[in-house]
Each structure stands twice: as C-alpha cells, then as structure tokens.
Amino acid sequence: MNEIIKLVLPSFLDTLYMVFLSTLFSILLGAPLGITLVLTEKDGLINMPKLNTILGTIINITRSIPFVILIILLFPLSRVIVGTSIGKEAAVVPLSIAAAPFVARVVESALKEIDKGIVEAAISLGASTNQIVFKVLLKEALPGLVLGITLTMVNIIGYSAMAGVIGGGGIGDLAVRYGYQRFRTDILIATVVVLVLLVEITQRSGNYIAKKIDRR
Amino acid sequence: MIQINNLRKSYLVNGTKVEAVKGISFNVEKGQIFGVIGKSGAGKSSLLRCLNLLEIPDEGEILIEGRDITKLNPKELRNIRKEVSMIFQHFNLLKNSTVFKNVAFPLEIAGYKKDEIDSRVLELIDLVGLKDKKDEYPANLSGGQKQRVAIARALANNPKILLCDEATSALDPLTTKQILDLILELNRKLGLTVVLITHEMDVVDRICTHVAVMEKGEIVEIGIKDDVFKNPKSKTLKQFLQSERGSKVIVLEKKKDKAI
Ligand SMILES: Nc1ncnc2c1ncn2[C@@H]1O[C@H](COP(=O)(O)OP(=O)(O)OP(=O)(O)O)[C@@H](O)[C@H]1O
Ligand SMILES: [Mg+2]
C-alpha cells in the first residue's frame, strides 16, 4: 500500500500541475477567442461576420484533429517554448492549445445565453463595448462559464492521461510504465481510481460553485 | 427638445425591405409626456428605438436640444445616451446583480467614485420606493418592483428624457397605475420629458399630455391628448376609444366598490 502511495502521489501531483496550468492557459487563449466570436457575429456588437467565419473554421478544424495526433504535432512546439518535449512542463503546451478552441466554444455559448435585452439596456445607458463585455456579458454568464470551465478541466484530465502515455508524465505515464509495461495491475487500478476521483471532485465542485453564484 | 424630421427606418427581412417608419416628423417639448399609440406592428418600437439610436435610422434627423444625434461619433453617442434613458417592457435588469448594483451600473460605467455612487444609488432607490429591497436580486422582486429598479437605473445619470417601450405592458392594472404614477411624479418633480409607446389606451389617457397615433409606419393623428381624444379621426383611434369605453365602465364600477 505504502509503495502504491509512494508511486501514485508524485504522479498525481504532476497531473494536478498539468491540469491546472493547462486549464489556466487554455482559458487565457480560448476566452478572448470566444468573446471575439460573440462580438463579431452578424448583428453583434462588432459586426464582422467574415472574421467570425474564419475564426469559427479554424476552431472547428483544430477541434476535429484527434488529441493524440495534436500532441504529436505540438510537442516540437514545446521544445521551443519550454525547452523540452518530455515531462509535465512539455505537456502543458499541447494540452493548453488543444483545449483552447474548446474553451472558445464554451465561452461563446455561455455568453450567447445572455438575454439580448440586457445588452440593449446597457447600450442605452451609454456602456461601451468593453464595458458590456466585462460588466455585463462575463458577469451575467458567470455560472455558465464556471460550468464550461469545469467541463474543460474534466476534458483536460482525460487528455493529460493521454499526454502522459507519450512522455508527458503524470498519472497516465505511471499507468503505462508500471501498470502496462510491468504488469502491475494494482498500480493500474490505483491510477484509474485516482483519475475517477479527480474528475468526480472537479465536476462536483464546479456544479456547486455554479449553483452558488447563480441568482437568476 | 426633441425634433424628428423625416425619420425613416426599414429592416431587411429575408432580402425584402420592410418599412417600419415611413418618413415621420414631429416635435416633443420639454416637460411633455408624449404618448405614441398604435396597433401591433405599426412601428412604435422602431420609432422609439431610433431616439437613442438603438436602431440606426435609414434617413432623417433626430435633434435633441438642437444636436442631430444621427451625426455623432461613438463617444458622443454614448454621452448623449446618458441624457436619453430608456426603460423596457421586460425590465432588462442584470440578473446576477442586486438592486443596488443594478442602479449603480450606469454610474460605474460613467466613472464616478465609489462614495459618490453609494449615496446617489441610495437616493435613487429611495426615490422609487425600494429602500428595503436594495440587497435583493431581481429574481426575488415582483414585476412592478423590477420596473422601479429599471426606472431608478435609468434616472441615475440625470437624464433629460425618458423613453418607455411598453413599460407597463407586462404588469397588472394596479401595478401599471403605480408605475404610471411614479413616472408622472418624476415628470413633475424632475421636469423629465417622457416619450412612451403603448398599445394600451388607458396608459395614454392617464398620464400623457400629448399623443400621436401610428398606423403602418406613419403618424395619422397628433396633438394635445384631450383635443385628439375628443375628436378622433383615424380608424385606429376610433377603435381604441371604443374598446376603451367598455373598460372605463369596469374601472368606474371598481371605483364604486372601493368607495363602499
Ligand atoms: N429587428 C427587426 N428586424 C426585422 N423586422 C423588424 C424588426 N423590428 C421590427 N420589425 C418589423 O417592423 C415593423 C414594425 O415593428 P415595431 O416593432 O416597430 O412595431 P410596434 O408598433 O412596436 O409593434 P408591437 O406593438 O407589436 O410592439 C413590423 O413589421 C416588424 O415586423
Ligand atoms: Mg413594440
């Protein structure tokens, strides 16, 4: 038991590291993209349907590439950005980029939920586009955004295990090295349990927070 | 105060042009409560929403205190919108913000300091009679209370003009009366000029000083309310007055009940 904990704990921490950083960076990349999608759609606040179509197409293409292939394509980029293409730091790059288009869509659909009338009222009160984005759209959509980010995290947990398989470190890496290559079924089971728990806790916390802040 | 010259507004619906406002001209003077009535689809909302450029007119001028607002740059337009406020049929409050925060919103975006905002918001909430509700969220308010919040919010930047788009159409008769009384009080107390659109005769009858009747994108009758109502010319107004007479009887009977 002690041995299992000794093996699983560091891998688990690596997974947490990858998941948190990748979620953070995917939001930083994806959220502005999602906001841009909402603003530039036809009759949006910045009516630029052509740009909207271009962005939408790029997002769709990125999202349709299977994740494993995306990682292989992007690991070289990790070498440029973090100086290595193996380990948990290296995995953050493809994970963030792979999740960013997903975040963009999540943000887009959360913002589109907001009643147009509320935006109109803000316009009628003299709000600028910036003020509408930050003080109306993002604020009103917060519960939906929290749920969307939760979904992103759950996805990234799954992706991170896959990234582990091809040299990314973390729980997935442990599962391959011990569970698969050394036939340690107990470790394999432990990794699955840890992942299931992590997903469960993430989803439950997300649901709880979203419900707590929803005043509609 | 407001001069509207040859205002036109159309929409493109599936490639065909729908003319909602067909070259309308009229003036609204300071302190008037100007009602526009007409049937559904007559173009009332389109007309009203041009007055703060929520809709961009195809043609025509809208002069507010002599300035043509159709020719302003975006920044000037945002500033003029602080002088021409609007309230809506469905209130359009920020659902994840308290009453206080909703009323503070226009002040925050105008860049006031926090203590200035706090005192002004409390003053406004008091003005609309919602002192004890300041920390409630809109979901916990009645329709009338929501509209009071919207009115407080609309008044935050001391507008000269209040536009009301069917502001009482989602409210029951008693609440409608209370909101109209509030608008009347604000008109008298603050000298607020009001332009309201409605398809309820009762609303115009109760508070308007002037009235215009719209039919298919055009104004068919306009003038001092009492004069226009005494001598209706358009088909729309005749019909409206007829159905109004029916409801008047009911109102009178209700009043009698109360007297007893
Ligand atoms: N955003 C829009 N896009 C397309 N057509 C519109 C739009 N807004 C209004 N119209 C059309 O313009 C005409 C006038 O509509 P408007 O909403 O101004 O009428 P209204 O008098 O306010 O009616 P109601 O009493 O039903 O609110 C209608 O034919 C309507 O279908
Ligand atoms: Mg209307």
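Throughout, read-outs are computed from the coordinates displayed, never taken from laboratory work. Source: prediction; values computed, not measured. Ideal geometry is used to build each Cβ from the backbone, glycine not excepted, and the neighbour counts take in all protein chains shown.
Values computed for the structure shown
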read-out: Kirkwood-based Rg to Rh ratio, region B:178-236, C-alpha trace; value: 0.99
read-out: Cα-derived Rg over Rh, computed across chain B with Rh taken as Kirkwood radius; value: 0.98
read-out: Three semi-axes of the equivalent ellipsoid, the protein assembly as shown, Cα gyration tensor, whole Å, largest first; value: 58, 25, 19
read-out: Ranked B:VAL149, B:VAL128, B:VAL18, A:VAL8, criterion: other C-beta atoms within 10 Å, fewest first; value: B:VAL18, A:VAL8, B:VAL128, B:VAL149
read-out: Top positive-direction residue, dipole computed over the protein assembly as shown with Cβ charges, set A:LEU55, A:PHE67, B:ILE87; value: B:ILE87
read-out: Proximal lysines relative to B:LYS114, as straight alpha-carbon distance under 22 Å, when same-chain residues fewer than 8 apart are discounted; value: A:LYS135, A:LYS139, B:LYS82, B:LYS95, B:LYS101, B:LYS131, B:LYS133, B:LYS134
read-out: Region A:79-106 and region B:187-208: distance between their alpha carbon centers, rounded to Å; value: 59
read-out: Spin-label proximity, B:ASP135 to region A:130-152 - amide N less than 20 Å from point 7 Å beyond Cα toward beta carbon; value: none
read-out: Amide N proximity, region B:151-171 versus B:LYS113 label position 7 Å along Cα-to-Cβ, cut-off under 20 Å; value: B:157-158
read-out: Net charge dipole size for the protein assembly as shown [Lys, Arg +1 and Asp, Glu -1 on Cβ; Debye, nearest 20]; value: 260
read-out: For chain A, alpha-carbon Rg relative to the globular expectation (2.2 N^0.38 Å, N residues); value: 1.17
read-out: Full-extension gain in nm, A:SER109 to A:ARG204, via 0.36 nm per residue minus C-alpha separation; value: 32.1 nm
read-out: Efficiency of FRET from Cβ geometry, B:ASN231 and B:GLN3, R₀ 22 Å, rounded to 0.05; value: 0.30
read-out: Net dipole in debye of region B:2-259 [+1 Lys, Arg Cβ; -1 Asp, Glu Cβ; about Cα centre; nearest 20]; value: 240
read-out: Exposure proxy ranking, count of Cβ atoms within 10 Å, fewest first, for A:PHE102, A:PHE20; value: A:PHE20, A:PHE102
